[in-house]
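Notes follow once the structure below has been shown.
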Amino acid sequence: MSDKLLMKGNEVIGEAAIIAGCRHYFGYPITPQNEIPAYMAARMPEVGGVFVQAESEVAAINMVLGAAAAGARVMTSSSSPGISLKQEGISYLSACELPAVIVNMMRGGPGLGNIAGAQGDYFQATKGGGHGDYRLIVLAPATVQEMADYTVQAFDLADKYRTVVMILGDGHIGQMSEPLVLPKPTGKTFDKSAWSLTGAKGRDQHIVRSLLLYPEDELEKLNIRLQEKYKLITKNEILYKTYMTDDADYLLIGFGMCSRLARGACDVLRKKGLKAGMFRPVTLWPFPSAELAKAAAGKKKILVIEMNAGQMIEDVNLAIGCSIPVDFVGRMGGMVPELETIVERVETYVK
Amino acid sequence: MSSNTRIKEQLIMKRPDSMFEMKNHYCPGCGHGIIHNMLGECIDELGVQENTILVAPVGCAVMAFLYFKMDGCEAPHGRVPAVATGIKRVHPDKIVLAYQGDGDLLAIGMAETIHAANRGENITVIFVNNANYGMTGGQMAPTTLPGQRTKTTPKGRNTSTEGFPIKACELINTLEAPVFIERCSVHNVPNIRKTKRALKKALENQIEKRGYSFVEVLSMCPTNWGMQPVDGTKWLEESMIPAFPLGNFRDRGAE
Amino acid sequence: MTERIFIAGFGGQGAILAGKLICLAAMHEGKNISHIPSYGVEMRGGAANCSVVVSDEDIPSPLVFKPDVLVTLNEQSLSKFIDRLRPDGLLVYNSSLIHTTPSRKDITVVAVDANDIAEGLGSSRAANMVLIGAVAGLKPEIASVESVISELGKAVSTRNLELNELNKKALFAGKEAVLTKAKK
């Protein structure tokens, strides 16, 4: 184990992006993710990359748009209020089918909120956030190792589907240090020569745009293409993890930080003779609906654990068709549920 | 060649090679077409057509890239300098043009304008100032003149509640980084020629990696000004030029 | 074995570094660890603390609300966090700077004159090391002093590497201080 590194989640995201071949980062400071721009400011020049501290989150996401259009692997990062500001750009990126990786280390909201870790941006990340019919691939890491692995994976997914991929973490896992092994580059390459802006030399012009004034001939066609792409992503890219679900009576569901709590609670409950298992969506979009329905079949009760008001419950109920009672343990405003609270709640189910 | 009696034909003006042969969508008397043409001539003369990427704004010039045989990118409203920054940082050897109107550059995109200039991004910003929002039907712009009637200043711009026209060149001239700042106009031939010279210098600066160049072009919008095209050129000369004096503010290119 | 440790002091006392060093040492011994610092409005002299979990198993939450071990470097931290310590928990406090004797009877209380011991060795800056040494002496299952020393080079920034001789002495002195007390 001593061959592992001890690194902070936020810094790991920076290094993993570099491993993935990202050489352009544009960002704007906001706690609790300031380690990412600081890391990039120091590291990018060492690897021949570009770091720009933009004048705002709005400018940063549009620099991302320009760099992505130019064919680069590009990333920006922020936290909840800053991600709200980026929504316009995310909609444009999606419409222009540009690959980009966006990190959201969520903090307490709404409004300016606070700087503690939270999960209140689930709806924003998975249901839209900006205008129009588009989706992001949303990856929710729970450990520092996963932050590294999923960041590397995010760049491949973005390029493969020409889509925006969001790493949805929270302030706590961004600040947390854990042992990890840095991932290796995947070695995958993606040919962007058919659309990227490189100067129209010896070829027709390339145009990156989303203004498509003719509803039937242009914009609906783009939308149909996007929806087909989202179907393909749903078919191919769902990620989830389970823990002791097979014989469980009670299914605990959480993403990111809360999946750690769910898993820990399962261990405690099993020792007390209660059969609890955990289901954890890793891709929040596409949501592992069929997989959850299968894992939940025959269970007595589902307990959703979140650091918000219960935003994921909607997706859970859609997945299981409201066939099993769903309970909820959650904290808001930057609070984290305690393991004991989760354990005690499950114990009430048998009383 | 054999006959000396034949009248010699001399081509004095043609469509630039870097532009597509097509009609543009601009209104009669609009300045955009002239500015596009001057830009196209400069690109031809400098031989950079295959190396240039044009970033178009939200506004009347939203589809400007359709007229040029070059790569083009659309930017969200006001974000042209940020998008141009992203492209330029990926391709430092390409020529990146930021083409913007007055609402885009001075209202919604003021922050991006100032900070791209302040970073000294090696791009060329072409700012078309026609004192109103053209595409949305003639609302007040940051450059609308005091007393000027628009859709949203029906009784004329009231400076006590709506402020004064913002002078882009003067504003950018307070920054250290820009290398070239000039205000021109396209209301008559001598000024069109000056505009072309300014555009060419601004492009040369970028080619030579000197840094940020800013060319403001006063331009006619007779449709939204409620005038005939010819009257538009007069109104520009008589009303706009006094408010936005023409001239070069900075030229470090030659230094 | 799972030990939830909370280390608290004011900015500059090295509470966060102490936590990181414990993590590195426990990692060196093959244990699972997590470390999470307090963060926020950056201010010299403001409160600084960190949560550390050392375990043989997977770590559910890196956040320590109710620690098994509480280490306090200054008076304010002690009064602020003592009620959070679990019953039968261990309190190690810096008695050079803390003059209030904790009143809780359901915990083990160990006072260490960390600043004075460190000062005697050359610099009070190593007070955090004295306290780590004390924790390692009292709870070797978290990490041994030897493991802490072997990881010093990874935790201490390059410009402070010359302090590591002093740090080593301070770590041993902390261990010795608590073991001597235990014998008494």
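The values are calculated or read from the model by the stated rules, or taken from the named source; none is laboratory data. What you are looking at is a predicted structure, and each value in this text was computed from that prediction instead of being measured. Backbone-built Cβ (ideal geometry, glycine too); neighbour counts: all protein chains shown.
The table that follows gives values for the structure above.
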{"read-out": "Residue within the stretch A:336-345 that is more than 28 Å from A:G273 (Cβ to Cβ), at pLDDT 95 or above and either in the same structural domain as A:E291 (by TED's automatic domain parsing) or outside any helix (DSSP H, G or I) (or both) present", "value": "no"}
{"read-out": "Test: B:I207 is surrounded by fewer than 24 Cβ atoms within 10 Å (Cβ to Cβ), farther than 28 Å from B:R149 by Cα and touching a strand residue (DSSP E or B) at 6+ places or on another chain (Cβ under 9 Å)", "value": "yes"}
{"read-out": "Filtered residues of the stretch A:185-226 (kept if aliphatic (A, V, I, L, M), surrounded by fewer than 12 Cβ atoms within 10 Å (Cβ to Cβ) and part of a loop (DSSP other than H, G, I, E, B))", "value": "A:A194, A:L213"}
{"read-out": "Filter result for the condition that a residue is out of contact with any Cys (no Cβ under 9 Å at 6 or more places or on another chain), crowded, with 20+ Cβ neighbours inside 10 Å and farther than 29 Å from A:A262 by Cα, over C:S51, C:S77", "value": "C:S77"}
{"read-out": "Meets criteria (modelled with pLDDT of 95 or more, β-branched (V, I, T) and within 22 Å of C:A173 (Cβ to Cβ)) for C:V71", "value": "yes"}
{"read-out": "Filtered residues of the stretch B:64-75 (kept if in contact with a Leu (Cβ under 8 Å, 6 or more places away or on another chain) and either part of a loop (DSSP other than H, G, I, E, B) or within 7 Å of chain A (Cβ to nearest Cβ) (or both))", "value": "B:F65, B:M70, B:D71, B:G72, B:C73, B:E74, B:A75"}
{"read-out": "Some residue of the stretch A:148-160 being under 18 Å from A:S77 (Cα atoms) and assigned to a loop (DSSP other than H, G, I, E, B)", "value": "no"}
{"read-out": "Qualifying residue in the stretch C:70-84 (condition: β-branched (V, I, T), within 14 Å of chain A (Cβ to nearest Cβ) and under 16 Å from the mean Cα position of the chain (by Cα))", "value": "no"}
{"read-out": "Exclusive hit being surrounded by fewer than 24 Cβ atoms within 10 Å (Cβ to Cβ), within 14 Å of another protein chain (Cβ to nearest Cβ), of a type outside the set (S, T, N, Q) and not in a loop (DSSP other than H, G, I, E, B), set A:K241, A:K294, A:K229, A:K235", "value": "A:K241"}
{"read-out": "Meets criteria (surrounded by fewer than 23 Cβ atoms within 10 Å (Cβ to Cβ) and touching a Phe, Trp or Tyr at 6+ places or on another chain (Cβ under 8 Å)) for A:G310", "value": "yes"}
{"read-out": "Verdict on A:T126 being within 26 Å of A:L261 (Cβ to Cβ) and either in contact with an Asp or Glu (Cβ under 7 Å, 6 or more places away or on another chain) or of a type in the set (V, I, T) (or both)", "value": "yes"}
{"read-out": "Qualifying residue in the stretch B:94-116 (condition: hydrophobic (A, V, I, L, M, F, W, C), surrounded by fewer than 24 Cβ atoms within 10 Å (Cβ to Cβ) and at the interface with chain A (Cβ under 7 Å from one of its Cβ atoms))", "value": "yes"}
{"read-out": "Candidates C:S61, C:S51, C:S55 - the one that is farther than 28 Å from A:L112 by Cβ and either of a type in the set (S, T, Y) or modelled with pLDDT under 95 (or both)", "value": "C:S55"}
{"read-out": "Residue count, the stretch A:256-291 (criterion: within 14 Å of another protein chain (Cβ to nearest Cβ) and either in a strand (DSSP E or B) or modelled with pLDDT under 95 (or both))", "value": "3"}
